[in-house]
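S.K.: Take this structure first; my questions come after.
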Amino acid sequence: MADIAVRVQPRAKRDEVVGERAGAIVIRLTAPPVDGKANAALCAFIAKAAGVPPSHVDVVRGQTARDKVIRVEGMPEDALRTALLRD
């Protein structure tokens, strides 16, 4: 199980990992930050990048904030960071 800090930038031109800032992975998403759409898009994006089912990805903290903590079941933290930052 891995918990990682992310900073989300909603309403971007495309879904992408920008890099890392202050220990958090910065992710741009096209989804707007309303009605949980950005959180759902974030979980789907991380699941696809990590190669795990979307049901294994959850927002642990920061549901309404840009700074979030994401939990991914079945994957160690170092492997998750590598999968997200490998571009």
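Here, each number is a calculation from the coordinates, and none is a lab measurement. All values derive from a computational prediction rather than experimental measurement. Note that each Cβ is placed from the backbone with ideal geometry, even for glycine, and that neighbours are counted across all protein chains shown.
S.K.: Applying the Karplus parametrisation 6.51 cos²θ - 1.76 cosθ + 1.60 with θ = phi - 60° to the phi angles of segment 7-15, what ³J(HN,Hα) value in whole Hz is obtained for each residue in order, glycine and proline being reported as x?
M.R.: Rounded to whole hertz, the list is 10, 9, 10, x, 6, 8, 6, 8, 7.
S.K.: Still on this structure, I have one more. Please give the direction-averaged projected area of the C-alpha convex hull for segment 1-52, in square nanometres with one decimal.
M.R.: Numbers: hull surface 14.9 nm².
Its average projected convex-hull area is 3.7 nm².
S.K.: Right, another one. Treating cross-link reach as a plain straight distance, find the aspartates and glutamates whose alpha-carbon is under 20 Å from the alpha-carbon of Lys48, omitting any fewer than eight places away in the same chain.
M.R.: List returned: Asp3, Asp15, Glu16, Glu20, Asp58, Glu73, Glu77, Asp78, Asp87.
S.K.: What spacing in nm lies between the two simple spin-label points modelled at Ala65 and Leu85, each 7 Å away from Cα in the Cβ direction?
M.R.: For the pair Ala65/Leu85, the computed spacing is 2.2 nm.
S.K.: Sticking with this one: Nearest-5 percent of antiparallel DSSP beta bridges in segment 2-85?
M.R.: On the way: 15 of 19 bridges.
Restricted to segment 2-85, the bridges split so that about 80 percent are antiparallel.
S.K.: Let me spell out the model: positive unit charges on the Cβ of Lys and Arg, negative unit charges on the Cβ of Asp and Glu, origin at the Cα centre of the chain. What dipole size does that give, in debye rounded to 20? Before the final figure, lay out each step's value.
M.R.: Numbers: 14 positive and 11 negative charges, 79 e Å.
Around 380 debye, computed over the chain.
S.K.: State the percent of C-alpha pairs, over all pairs in the chain, separated by a distance greater than 19 angstrom. Don't jump to the answer; show the numbers that get you there.
M.R.: Details: 1023 of 3741 pairs.
Here the tail beyond 19 Å accounts for 27 percent of pairs.
S.K.: Indicate the gyration tensor shape class of segment 39-78 (rounded, prolate or oblate), computed on the Cα atoms with a ≥ b ≥ c the square roots of the eigenvalues: a/c under 1.5 is rounded; otherwise a/b larger than b/c is prolate and the rest oblate.
M.R.: Details: a/c = 2.11, a/b = 1.50, b/c = 1.41.
It comes out prolate by the Cα gyration axes.
S.K.: Another question about this same structure. If one takes the longest principal axis of the Cα atoms in the chain, at what angle in degrees, from 0 to 90 and to the nearest 10, does the Cα axis of helix 37-50 lie?
M.R.: On a 0 to 90 degree scale, this one is about 30.
S.K.: How much of the DSSP beta bridge set in segment 1-50 is antiparallel, as a percent to the nearest 5?
M.R.: The answer is about 55 percent antiparallel.
S.K.: Also, quick follow-up: How do Lys37, Lys13 line up, fewest other C-beta atoms within 10 Å first? Spell out each step's value before the answer.
M.R.: Values: Lys37 14, Lys13 7.
Least crowded to most crowded, the residues run Lys13, Lys37.
S.K.: Another question, if that's okay. For Lys13, list the lysines whose Cα falls under 18 Å from its own Cα; do not include residues on the same chain fewer than 8 positions away.
M.R.: Leaving aside lysines fewer than 8 places away in the same chain, those within reach of Lys13 are Lys37.
S.K.: To the nearest 0.05, what FRET efficiency results for Asp3 and Lys37 with a Förster distance of 30 Å applied to their C-beta separation?
M.R.: Working: r = 23 Å, r/R0 = 0.76.
It comes out at approximately 0.85.
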